[in-house]
Structure formats: C-alpha cells, structure tokens
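Encoded as structure tokens, the structure appears first; notes follow it.
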Amino acid sequence: MSEGPASRADLLLGWALEAGFDRAGIAALEPQAGTGSSFLRRLERGLFASMSWLGRRTGRRVVPASLLDGARSALCVALHYHPLEGEPEPGGDLWPRVARYARGDDYHDVMERRLRRLSSRIREAFPGAGARLYVDTGPVLERALAARAGLGAVAKNTQLLDRSGSWFLLGELFLTLELEPSEPLAEDLCGDCRRCLEACPTGALPEPYVLDAERCISYWTIEHRGEMPEEARSMVGDWVFGCDICQEVCPWNRHRAAPVERQSAGVFGLPPSRAELDLTALLSLSEDGYRSRFRHSPMKRAGRSGLRRNAAVAMGNRADQAYAVALERARESDDPVVRSHAGWSLERLAEDRVGVRKSLEIRD
C-alpha cells in the first residue's frame, strides 16, 4: 500500500475499531516540550512509594520513539470497562470491594490478543513495517501518549479523561509507519471541579494532577508486598484490590455526555468462579483455589498472600463480629503476613465490642 500518512492513519484507526477497541488515535513520536515532565517531578519527590522499577529506564520513558528502532508513530487504543446496565456494583456484603476493571478477565490478555491481531494485519498490508505492542507494561508513559493521540486529557486525579468519562484501559502499538497524528483534546474537562481531590479518603491527591502512591489505596492493596503499616491498614478501608473512589465522583463518569460502543461486552463481567468469593472465602483461599480462580484475573497481581492479607484488613475495618471465627482460623495460618493482619483485625473487633458495650451501659 502506498497511501500517504493521512489515509494510512484513517485506515489503521478503522482497523483498530474492527479489532475490538472502543476508540483509537495516532500519536507522533517526535520529542515534545514537557514530555514526561510530570512523571520526572513525581520521581524526584519520591511519590512512587516502593515501586522502584518506575525509576529505571527513565530516558526511554520520556523518549517514546526509543522503544522501537525506526518508530515513527504510535497507534493508541482504548477499551471501556464500566459495567453494563443492570450489572451489580462491586462491594457490599456479598463480595469484596474491588476496582471495576479487575472484576472480569485480565485486560492485559484481552488487549494483547487484539493488538497482536491488529499488528499482524498491519504488517501484512505494509510489508517491512515494524511494530511493538504494550499494554500497561514496559517503559511507556501511556496516559501522556494517549493524550497526545487525542484519546483524552489527564485529569486532576491523574486518570485520562474524555467526554465519555475515564472508565477505559489503554494500549499502544508502536509502528515504523509515518501516520498523520490525531488532534489532541483541546478542552479542559476538569475546570474548577475538585471532587476527586476532596473525595479521596486518604489524601492521595494532595494537589491537582499529583498522586502520592504512599497514600493510595490501590498501591497498598495491589503493589505493596508483605506487612502493611498500621496507618495503611486503616487507610484502605474495605477495599481488597484497587480503588475507584476518585473516578466514581467524577461528573463525567456519573453523567456521561457521549455514548460509547461496548466492544468489551462480556469481558469485564464477574465470572461465577469468583462471584462466590466473599471476604471469608477469600481469607481462607487455598493455593489451588487461588490458582484456579484467579488464573485469568488481574487480581492475581496481588498474590494469594496479598489478597488474603487484604481480606483480613477489610474484615477489621468493616468491624462485623460475624468475621471473628474466620479471623481466628486465619490467626493460625502458616503465612506470617496473614497471621499478623488477622490478629490486628481481631483486636479491632474486640475494641468495637467494648465500644458497643459501653454505649449500651451509658444508655441504661
């Protein structure tokens, strides 16, 4: 094919939608003023907690063209994951509180399969073209790149936001083809709104466009390994994997201005094998049970120990005496992390019992 950059871009954007993505855009890879500056400032301020890998290969992060020899363009894609109408919301008494994107299939697998098919189609149509895909992996500042491709603008909660909201996942296909770049989103969708900053229960958004990982529920329940500091245990509430609060309060997510094609229908729904896992079942999860239930889930990133730890902490923060028996059993676990967190939660339940008793005595 010998079309020019503009017609090639139109062709590939159409193919991206046919591959199963909801939206797509083209980003040029020439250096731009300010590229990676927000990331580098967060790195300098130590706002990534223990995620030391984010400080590696910083040069490649801020120069995206270095990720593929001869790279000229990046085809950026978005896949929406907000539950379909009528689906139950995560959380509540029957199921642990989990970020919505993590309820169903692992988005890495879903998006990588679609990007591989798209990559094969492009290489077949353009012999000699080089391609490399990423889905939340590698040294890619994907939100900045997707913003350059017109898929949205970085919001005050640091998520990428467009007029359809922020319930979408990102992937990239770096290409050696020269393509006409998409127009970036020009409007400021946040304006004077500060709802996400004010709603964050832990103060993880100390200022607009800045996230402090050490105060982020998602960091503690997903990325952190081993013991949680006591302050963090109280901080995470009853979330066991991730957090959606800053997105739930966003007006664009509550009142979406534009309808979205649902290419992800059936992908992000809660499968039966995990629908039956309440907090008690999660806390007592065996190694075999963990492997079989979470093999195709993004929740496997936290590991069996991390998920059981998080379940124990959620029980203590819910302060429901019905969890006492399960926590007593967990206090005998061969996993020292689970043991210590179960003990902490039992102390919380005991304090709650004392508080209730004193309240009743005062009333009498």
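Only the coordinates and a few stated rules stand behind these numbers; no lab work does. Since the model is a prediction, treat every value here as computed from it, not as a measurement. Positions of Cβ are backbone-derived with ideal geometry, glycine not excepted, and every protein chain shown enters the neighbour counts.
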Return the distance in nm (one decimal) between the two label points of a simple spin-label model at ARG56 and SER286, each offset 7 Å from Cα along Cα→Cβ.
-> 3.6 nm
So which trypsin sites (Lys or Arg not before Pro) in the range 93-172 are both in a DSSP loop and have at most 14 other Cβ atoms within 10 Å of their Cβ?
-> ARG163
Summing +1 per Lys or Arg and -1 per Asp or Glu among the other residues with Cβ less than 10 Å from PHE168's Cβ gives -1
Would you mind computing Rg(Cα) / (2.2 N^0.38 Å) for the range 152-227, counting N as its residues?
-> 1.39
Evaluate the distance, in nm, between pseudo-label points positioned 7 Å from the Cα of ALA199 and of GLU18 along their respective Cα→Cβ axes.
-> 3.9 nm
By Cβ neighbour count within 10 Å, fewest first, SER286, SER38 rank SER286, SER38
Relative contact order (%) - the range 188-257, alpha-carbon pairs under 8 angstrom, separation at least six = 33 percent
Burial ranking of peptide ranges 5-13, 336-344, 225-233 (average Cβ count within 10 Å, highest at the top) | 336-344, 5-13, 225-233
Give, rounded to the nearest 20 debye, the magnitude of the charge dipole that the range 277-357 has about its Cα centre when Lys and Arg contribute +1 at Cβ and Asp and Glu contribute -1 at Cβ.
-> 320 debye
